[in-house]
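See below for the structure under consideration.
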Amino acid sequence: MEEKLSAVFEHWTGMALLLVLSMQLAAWLWYRHRLGRYRLSQAWPARRLGLAVAGAGLGVWEWQPASGKLYWSPTVFGFYGLAPSTHIDIEQWKSCLPQEAALRLEQQLRRGMAEWVELELELPFRQLKITGRWVYEGRRWRLIGLQQDVSASSGQLRQMSRQAYQDRLTGLPNRSAMIEQLAAFCRPGQGGALLFLDLDGFKGVNDELGHDAGDALLQAVAERLGHSLRLCDRVYRLGGDEFVVWLTVEGDSRAAASRVAALIIQRLEEPFELGGRQCRISTSLGIALCPADGDTPEILLKAADQAMYRAKRAGKGRYAWAGEGEPAGAGGQLEAEKIAPD
């Protein structure tokens with residue numbers, strides 16, 4: 001009898017335990033469901049606000065002085081012609097501005113945490129209005145604000161400007177943008193270097209793997225170029241497999257251009273993955289220095305273009321300097337420099 005009662009007791013105890021576990025699981029699932037709906041209800045207004053801000057030509061920025069972190073929304077990166085993956089900080093931000101604008105920004109940031117930040121910055125073919133306010137949250141001060149493109153008065157004009165100055169395939173600034181920006185960069189007392197790139201082996205990839213693979217390769221090249229440069233430098237696509245890089249230089253512009261050219265050649269010689277297949281290319285570069293080789297975009301571009309063709313004739317995967325002649329002959333000194341692979 002005792003054994004029978006013990007068995008019954010164990011049976012009902014197990015059933016009760018199973019019931020309790022089922023109720024706990026149901027309560028947990030209900031909680032997760034309600035939490036998910038709450039988060040969705042909170043996220044949608046934020047998403048709508050983000051869409052409205054971006055649609056109005058506004059970008060959000062935030063600076064945390066204690067940690068030195070600077071945040072830009074994707075719209076702000078677009079204002080400066082940069083990829084959203086670009087690493088930035090306050091010093092890099094100032095370095096990509098004209099000297100007067102960088103000084104005004106620094107003065108605004110030093111005004112104190114009780115003040116508003118408000119100024120307008122002149123960039124090549126764009127004028128930005130920057131506002132910000134100090135917020136104390138989580139025992140930290142943060143500067144939060146907006147950046148607005150005020151150079152166009154309507155969304156339609158901004159769209160037309162974007163289409164006129166942006167390469168559709170890569171998203172890089174195009175030739176028109178380059179001419180206007182370089183005209184602003186080539187100022188008296190401002191040094192710089194123009195690098196003209198032409199891809200070696202692109203036609204073979206395009207012919208063998210097809211135009212879609214060729215387009216994917218150009219997009220990958222544009223991304224690698226962007227990751228090889230500083231915030232204050234610029235990269236443009238002229239068309240086809242031709243790209244231009246502008247380096248803002250203080251000091252020895254020849255040494256700086258040599259370092260960047262070597263880095264670009266090294267990065268582009270690394271294999272690319274295209275549709276499950278691996279391909280390799282290289283690049284030939286021509287370098288023109290401002291103002292030594294010219295002080296206008298047109299003169300610099302022509303000089304760098306001619307130097308690029310000398311680099312190709314010398315064996316590709318090289319860079320050559322504007323203003324230097326052809327190699328004297330088979331025994332002459334090679335003036336186009338070859339970057340040895342690691």
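Regarding segment 189-206, can at least one residue be identified that is in contact (Cβ under 8 Å) with a residue 12 or more places away in the chain and within 17 Å of the chain's Cα centre (by Cα)? So far as segment 189-206 goes, no, none of its residues is in contact (Cβ under 8 Å) with a residue 12 or more places away in the chain and within 17 Å of the chain's Cα centre (by Cα).
Taking the criterion of being modelled with pLDDT of 95 or more, among the β-branched types (Val, Ile, Thr) and in a strand (DSSP E or B), the residues of segment 239-282 that qualify are Val244, Val245. Would you check if Ala311 is free of Cβ contacts under 8 Å to residues at least 40 places away in the same chain, surrounded by 14 or more Cβ atoms within 10 Å (Cβ to Cβ) and within 29 Å of Asp212 (Cα to Cα)? Against the criterion (free of Cβ contacts under 8 Å to residues at least 40 places away in the same chain, surrounded by 14 or more Cβ atoms within 10 Å (Cβ to Cβ) and within 29 Å of Asp212 (Cα to Cα)), Ala311 qualifies. Per the listing Arg230, Arg234, the residue uniquely surrounded by fewer than 21 Cβ atoms within 10 Å (Cβ to Cβ) and touching a residue at least 40 places away in the same chain (Cβ under 8 Å) is Arg230. Regarding Gly171, is this residue open to solvent by less than 100 Å² (accessible area, probe 1.4 Å), under 30 Å from Val221 (Cβ atoms) and modelled with pLDDT of 85 or more? The answer is yes for Gly171. Selection of segment 127-154 for residues being in contact with a helix residue (DSSP H, G or I) (Cβ under 7 Å, 6 or more places away or on another chain) and modelled with pLDDT under 70 yields only Ala152. Here Ala213 does not qualify as in a helix (DSSP H, G or I), closer than 20 Å to Tyr80 by Cβ and modelled with pLDDT of 85 or more.
A quick yes/no check of all residues on (1) modelled with pLDDT of 95 or more; (2) part of a helix (DSSP H, G or I); (3) out of contact with any Gly (no Cβ under 7 Å at 6 or more places or on another chain); (4) surrounded by 14 or more Cβ atoms within 10 Å (Cβ to Cβ):
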site: Ala288; (1), (2), (3), (4): yes, no, no, yes
site: Gly294; (1), (2), (3), (4): no, no, yes, yes
site: Glu298; (1), (2), (3), (4): no, yes, yes, no
site: Ala304; (1), (2), (3), (4): yes, yes, no, yes
site: Ala307; (1), (2), (3), (4): yes, yes, no, yes
site: Gly325; (1), (2), (3), (4): no, no, yes, no
site: Ala330; (1), (2), (3), (4): no, no, yes, no
site: Leu334; (1), (2), (3), (4): no, no, yes, no
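Hey, among the residues in segment 218-227 that are more than 16 Å from Gly78 (Cβ to Cβ) and open to solvent by 20 Å² or more (accessible area, probe 1.4 Å), which one's modelled with the lowest pLDDT? Going through the qualifying residues, I end up with His227. What are the residues in segment 98-126 that are assigned to a loop (DSSP other than H, G, I, E, B), open to solvent by less than 50 Å² (accessible area, probe 1.4 Å) and either over 28 Å from Ser176 (Cα atoms) or modelled with pLDDT of 75 or more (or both), if any? Answer for segment 98-126, where residues must be assigned to a loop (DSSP other than H, G, I, E, B), open to solvent by less than 50 Å² (accessible area, probe 1.4 Å) and either over 28 Å from Ser176 (Cα atoms) or modelled with pLDDT of 75 or more (or both): just Gly112.
The values are calculated or read from the model by the stated rules, or taken from the named source; none is laboratory data. This structure is a prediction, so every number in the text was calculated from the model and none was measured. Neighbour counts run over all protein chains shown; Cβ positions are idealised from the backbone, glycine included. Please note that ligands, DNA and RNA were not included when accessible areas were found on the heavy atoms of the full protein model with its side chains. Shrake-Rupley method; radii C 1.70, N 1.55, O 1.52, S 1.80 Å.
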